[in-house]
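The values are calculated or read from the model by the stated rules, or taken from the named source; none is laboratory data. None of the values given here were measured: they were computed from a predicted structure. Glycine gets a Cβ as well: all are built from the backbone with ideal geometry, and neighbour counts include every protein chain shown.
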Amino acid sequence: MSAAVELIDALGGHENIRSIEPCALRIRVEVRDQTRVKEARLRVDCVLAVVRSGQIVQIVAGKASDAIADDMKRIGAGEVLA
């Protein structure tokens, strides 16, 4: 399973995600309901840290952040990734 798919699932699925933005070396995700976020499952191999505040979850993934955020957006748009 790709990192993007695992992160979407850990964030509570597509229906719990309001927005996804790459932001420097992290992925900034606004969620609808923080209680649905499974923080332990966000810690996939490429994730260095997770910061949560209000409705925002910041996933620090270093240089891979932009590519992972793009994959997460494409998956949310219904595209299938190889």
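The residues of the range 38-80 that are over 14 Å from Ala3 (Cβ atoms) and in a loop (DSSP other than H, G, I, E, B), listed by number, are Lys38, Gly54, Gln55, Ala77, Gly78, Glu79, Val80. The numbered conditions (1) modelled with pLDDT under 95; (2) more than 9 Å from the chain's Cα centre (by Cα); (3) not in a strand (DSSP E or B) are all true for Thr35 except (1).
Taking the conditions (1) surrounded by fewer than 17 Cβ atoms within 10 Å (Cβ to Cβ); (2) modelled with pLDDT under 95; (3) over 14 Å from Asp71 (Cα atoms); (4) under 11 Å from the mean Cα position of the chain (by Cα) in turn, Cys23 satisfies each one other than (4). Residues in the range 1-60 that are out of contact with any Gly (no Cβ under 8 Å at 6 or more places or on another chain) and β-branched (Val, Ile, Thr): Val5, Ile27, Val29, Thr35, Val44, Val47, Val50, Val51, Ile56, Val57, Ile59, Val60. Contact annotation: residue pairs with Cβ atoms under 9 Å, 6 or more positions apart or on different chains, pairing a residue in the range 45-69 that is over 17 Å from Ile17 (Cα atoms) with a partner that is part of a helix (DSSP H, G or I) and hydroxyl-bearing (Ser, Thr, Tyr), are Cys46/Ser65. When Arg43 is tested against (1) more than 18 Å from Gly76 (Cα to Cα); (2) at pLDDT below 95; (3) in contact with a helix residue (DSSP H, G or I) (Cβ under 7 Å, 6 or more places away or on another chain), just one condition goes unmet, and that condition is (3).
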